[in-house]
1. Test Asp239 against the criterion of being touching an Asp or Glu at 6+ places or on another chain (Cβ under 9 Å), assigned to a helix (DSSP H, G or I), under 15 Å from Ala130 (Cα atoms) and of a type in the set (D, E, K, R), and give yes or no.
2. So Val336 ticks every box in (1) β-branched (Val, Ile, Thr); (2) within 20 Å of Trp358 (Cα to Cα); (3) out of contact with any Pro (no Cβ under 9 Å at 6 or more places or on another chain) but one. Which box is left unticked?
3. Has the range 272-292 got at least one residue that is under 33 Å from the mean Cα position of the chain (by Cα) and either modelled with pLDDT of 95 or more or part of a helix (DSSP H, G or I) (or both)?
4. Does Ala30 count as at pLDDT 85 or above and farther than 23 Å from Glu519 by Cβ?
5. Give me the residue from the range 509-567 that is among the aromatic types (Phe, Trp, Tyr) and surrounded by fewer than 22 Cβ atoms within 10 Å (Cβ to Cβ) and, out of that set, nearest to Pro454 (Cα to Cα).
6. I'd like to verify a number: residues in the range 474-500 that are part of a helix (DSSP H, G or I), over 18 Å from Glu530 (Cα atoms) and of a type outside the set (Gly, Ala, Ser), how many?
7. Inspect all residues belonging to the range 278-299 and state whether any of them is among the β-branched types (Val, Ile, Thr) and under 19 Å from Leu363 (Cα atoms).
8. Please specify each residue of the range 194-231 satisfying the condition of being under 36 Å from the mean Cα position of the chain (by Cα), under 29 Å from Thr269 (Cα atoms) and without any contact (Cβ under 8 Å) to a residue 12 or more places away in the chain.
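The values are calculated or read from the model by the stated rules, or taken from the named source; none is laboratory data. Being a predicted model, the structure only gives us computed values, none of them experimental. We place every Cβ from the backbone using ideal geometry, glycine too, and count neighbours over all the protein chains shown.
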Amino acid sequence: MDMRQQIADLVKEMLNAAYPGAEGLPEDIASLLEVPPEAHMGDYAFPCFRLSKALRMGPPMIAKKLSEAVNKPEIARVECVGGYLNFFFNRENFAKDLMGAIMAAPEKWGSSKEGEGKTVCIDYSSINIAKRFHIGHLSTTVIGNALKRIYEFQGWKTVGINHLGDWGTQFGKMVCAYKKWGVKEKVEKDGVEEMNRLYVRFHEEAEKDPALEDEGRAWFKKIEEGDAEALEIFHWFKDVTLKDAMKVYDTLGITFDSYAGESFYVDKTDRVVNELKEKGLLEESEGALIVDLENEKMPPCLIIKRDGTTIYATRDLAAIFYRKDTYNFDKCLYVVAYQQDLHFRQIFSVVDKMGYDWAKDGLIHVAFGMVSYEGQTLATRSGHVVYLEDLLRRAQEKALAIMQEKSPNLENKEEAARQVGVGAVVYATLQNNRIKDIDFWWDRALNFDGETGPYVQYTHARCASVLRKAPESNVAADYSVLTDDEAQALLRLLSRFPEAVEEACLRNEPSIVTRATTEIAKAYNKYYYEHRILDDNAAATAARLDLTRACQQVIKTGLYLIGVEAPERM
């Protein structure tokens, strides 16, 4: 049941009745509807300002005339306020219709078939080989995962891509360090930590003996040329890194469809370079080859360096065409920090200049802000870095300590603490608009009161508890008991949840789902405190239980879409 669309259809009927044959009226009425800031102002509002020019009439007069054409049982009344037409639902009919729509398929409420037949590739997380997974990768990882789930919920076919950072001279240095000082068993045991120690030692030794740098470059040249030994060590490093990273991905419940990184596209760059030459887009500049983007008001995009080698922009272009050929995507999202904005604008412009009209709408940089930790900026070089595995473990330990204090008799506290601790970290990352910088604080993230992950999870557990205590009954629900202000506020939020999911998908903004889910949790708690759910009136109890059941499922869906689990007990 799409109440927004119902009101939009009603407005169209009213326009046809009040102004038959009028021209120049907007087609998409639904997009013009607004949600009033206060409930007493109505459930939806239609601004008549856009009609003024076509109808040659002031907005207040248009609103008044339209209001005279309303005759629908689902609408209790309309009010003209200035140039707005405010609609008030018939509370009982609204409750009955909405609950019927949600209860018909609770787990699908908010889903759609909008994306059927479409494919979206999502490039996210993109960790670096031989480096530990740190908090700086948290945003790209959880935003990308949330978008993958949201797009799937809207009917899209999704392809999750972990574009590994696995190319460059540093890998020659890593191989060189391993050959000189490495022990296989130590790398197998300590993983990325040991590889990092070897890399640090390489640079320490290179300061004493600069010739080591040449050895490192020589080993990378062997990797480029396909030397068997160099490739074996190189691929082993990737396997060890992914094994370490999988601990984090498993904890977060995240999977990928592809781990093709930079190295995968090295032998695919010729196609890009040759096509750029054929189309006359490649120019020489100080010995390098570039694509001029002066008309696009950007610096040139470097394609081939002076020494004849490609750079990551060339490989990113190769990746775009490979993904288009392989997956035939309608959209390809890049969940990467905002500092890379120029890079993506450049390569997207290059694809557009090559004559591919799908570049403008199909290639999208999903930018996000920076992460700091309890007021301190993170910096790998200075040593101030928080590793994600450590952060998630600590979150679970803190959640367990809180639960031991709040719920000492709770069974399976460790499992609930895992769900709450990990959920708190993810929720805190997806709580605000992705472009905003995040400052992660434990006392905020793990607070059971206020707008936090634990608060929303606790509301889900509260709903589950109410339903467990409810007696079995076959009595039909009396939805007339859901006409009070608290129930109606909750019903309005439930009715708008599909809009939130749709908007989150359109804007690539998971925080919209986070906020919608949080508002539902807040509204349910207010309802819970103001009304007795289980009482002697079986029909009234059945209605309130249906409302509780709907809330539980929608909260569970909302949490799932942002990558957070929903505990049954807390």
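1. Details: touching an Asp or Glu at 6+ places or on another chain (Cβ under 9 Å): no; assigned to a helix (DSSP H, G or I): yes; under 15 Å from Ala130 (Cα atoms): yes; of a type in the set (D, E, K, R): yes.
So Asp239 fails the test.
2. (2)
3. Keep residues of the range 272-292 that are under 33 Å from the mean Cα position of the chain (by Cα), which gives 272, 291.
Filter again for either modelled with pLDDT of 95 or more or part of a helix (DSSP H, G or I) (or both), leaving 272, 291.
The answer is yes; a qualifying residue exists.
4. Values: at pLDDT 85 or above: yes; farther than 23 Å from Glu519 by Cβ: no.
No.
5. Step one: filter the range 509-567 for residues among the aromatic types (Phe, Trp, Tyr), giving 524, 527-529, 560.
From the residues that got through so far, the ones that are surrounded by fewer than 22 Cβ atoms within 10 Å (Cβ to Cβ) too are 528-529, 560.
Values: Tyr528: 18, Tyr529: 19, Tyr560: 14 Å.
Among residues in the range 509-567 that are among the aromatic types (Phe, Trp, Tyr) and surrounded by fewer than 22 Cβ atoms within 10 Å (Cβ to Cβ), the one nearest to Pro454 (Cα to Cα) is Tyr560.
6. Here is the first cut: in the range 474-500, the residues part of a helix (DSSP H, G or I) are 479-482, 485-500.
Still in the running and over 18 Å from Glu530 (Cα atoms): 494-500.
Imposing the further condition that a residue be of a type outside the set (Gly, Ala, Ser) reduces the set to 494, 496-499.
Count: 5.
7. Initially, the range 278-299 is screened for residues among the β-branched types (Val, Ile, Thr), giving 290-291.
Imposing the further condition that a residue be under 19 Å from Leu363 (Cα atoms) reduces the set to 291.
Yes, some residue in the range 278-299 is among the β-branched types (Val, Ile, Thr) and under 19 Å from Leu363 (Cα atoms).
8. Leu231
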